[in-house]
Each structure stands twice: as structure tokens, then as C-alpha cells.
Amino acid sequence: MARRMTITDDMIKIDRKCIEAGITRSELSRRSGVPIRTLEAYATRHRTPRDVYVLQRISKVLGCAIEDLIEPEPGPGQENGGGEDA
């Protein structure tokens, strides 16, 4: 049986939406056609979801807009509010 996720401050928006929708990453993978390894790489921040078609498939399953899934770009050193290099 799949392990239930709980909301944490550092989790990605896709995982938060899965919890809100009451589905697991595995279920999201099956329903969206996005490989589980890809979703896991997003969750561990080894990959960033950039393909709009992948985001569209995920958002359709989760019942939200693509914009609800996009993570903010980290600034240099992951500083808040900086944006550009000083």
C-alpha cells in the first residue's frame, strides 16, 4: 500500500495538490501518464517541471491551473526577494 503524504513547509506544490485531491503520487502518475520517477525527481527538486504539456496533464488530474503548480525560481543562494545577482 502507498504511503500517505503529509503537508510540510518545504514540499512542492504538486505534492500539496495531491494531498488536497486525496491521491498519491503513484495515482497521479497512472492518471496523468507522467512517469513516477519524474514526479519523484520533482519532489526531491532534482528536476524542475518546465514542460507545459506535462504540467497540463498533471493539472488536469489535480483539477487546478498550471500556474498553481509552478514553483518560484530560486535566487542566488536561494535568497528571498533578490532575483538578480548583486
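Any read-out appearing in this document is the output of simple, stated calculations on the displayed coordinates, not a laboratory observation. All of these numbers come straight from a predicted model, not from anything done at the bench. Cβ coordinates were reconstructed from backbone atoms using ideal geometry, including for glycine residues, and neighbour counts include every protein chain displayed.
Look at K17, K60 and count the other Cβ atoms within 10 Å of each Cβ; fewest to most, that gives K60, K17. Exposure proxy shown here: for S26, S32, the number of other Cβ atoms within 10 Å sets the order, fewest to most, as S26, S32. The HN-Hα couplings worked out from phi for region 38-53 by the Karplus form 6.51 cos²θ - 1.76 cosθ + 1.60 (θ = phi - 60°) are 5, 5, 5, 5, 5, 5, 8, 6, 7, 9, 10, x, 10, 6, 4, 6 Hz, whole numbers, x standing for Gly and Pro.
Got a sec? How would D68, D9, D51 order by Cβ neighbour count within 10 Å, fewest to most? Mind dumping the intermediate values first?
Values: D68 14, D9 4, D51 11.
Lowest count first: D9, D51, D68.
Applying 1/(1 + (r/R0)^6) with R0 = 25 Å to the Cβ-Cβ distance of D10 and E67 gives a FRET efficiency near 0.80.
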